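Asks: Okay, handing you the structure first.
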Amino acid sequence: MRGRTPVRHDPWVIRKVRSATAAVRRAARSDAPLVTWFLIGLCCLVFLLSPVSGFAVTDRHGDGAVAEQLRYFRHWGVIPRDLIGGKPRALLTLLTALFVHGSWLHLIGNMLFLYVFGGMVETRMGRVRFTLFYLCCGVLALLAFALANPTDPQTLVGASGAVAGLLGAFLYHFPRARITSLFPFLFFLPLRFPAWVVLPFWLTLQWLATRTTVEGPAVAYLAHLAGFGLGFCYTWAHYGRGTRVSGVARATEGESQP
């Protein structure tokens with residue numbers, strides 16, 4: 001009877017596996033904003049697999065493709081009329097809608113703000129609290145819009161309410177952090193202002209935008225206001241008189257708003 005041939009392990013492969021495992025462990029123990037990166041990756045993946053991205057495999061074109069996109073939004077997005085009307089499945093869409101975006105511009109704008117502001121807030125709050133905070137702000141922002149517009153048949157999608165909550169938390173924690181901003185009416189000239197100037201200005205724009213009607217599948221500006229208010233109020237209530245941090249952050253403020 002033949003003996004079994006011993007299995008040889010490639011030392012190079014073993015070293016690479018051990019190195020990768022050690023890197024993952026170091027990242028988990030470090031202050032790296034892993035949740036922020038994961039949320040960005042998940043939103044991008046969901047969008048790329050959706051019929052909106054243009055990369056999804058489909059045999060529909062023209063009007064058929066548009067109809068497929070509308071069905072996608074209505075399946076995963078929040079419809080205030082259905083939610084307030086008591087349809088059981090509508091409750092689930094309060095969560096799924098946070099990872100669905102209506103266009104490339106919608107996705108890029110939200111992910112840019114999440115990348116710039118999310119990391120510092122996550123480091124300040126901790127990963128578990130940050131995750132719950134992000135999801136709760138998003139869900140409650142969508143719910144607030146639905147309660148204010150209970151008969152609205154429009155579909156709401158996007159992480160905008162959750163990202164707005166992060167802006168509120170950022171304003172409380174880092175009011176003096178200087179943000180590099182680009183303003184269209186100043187020919188996109190880069191200017192640096194503290195967060196206590198830039199973010200209230202952004203909030204004012206959202207309030208003014210609530211007076212206009214927005215067509216198409218997107219989170220309404222009222223959800224932005226609700227998310228920002230919830231984020232700031234929660235952070236103020238939880239951290240109370242805690243130490244605020246002054247630091248440097250860079251963001252791009254333009255026509256694409258979360």
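Asks: Can you put 84, 179 in order of accessible area, largest first, using a 1.4 Å probe? Intermediate results must be reported in sequence, preceding the final value.
Replies: On the way: 84 70, 179 0 Å².
If we order 84, 179 from most to least accessible, we get 84, 179.
Asks: Ignoring any ligand, DNA or RNA, what whole percent of the accessible area of the stretch 104-211 comes from carbon and sulfur when the probe is 1.4 angstrom? It would help to have the intermediate numbers written out before the result.
Replies: Values: 3440 of 4560 Å².
Summing carbon and sulfur atoms, their accessible area is 75 percent of the total for the stretch 104-211.
The values are calculated or read from the model by the stated rules, or taken from the named source; none is laboratory data. Keep in mind it's a predicted model, so treat the numbers as computed, not measured. With ligands, DNA and RNA removed, areas are computed over all heavy atoms of the protein, side chains included. Shrake-Rupley method; radii C 1.70, N 1.55, O 1.52, S 1.80 Å.
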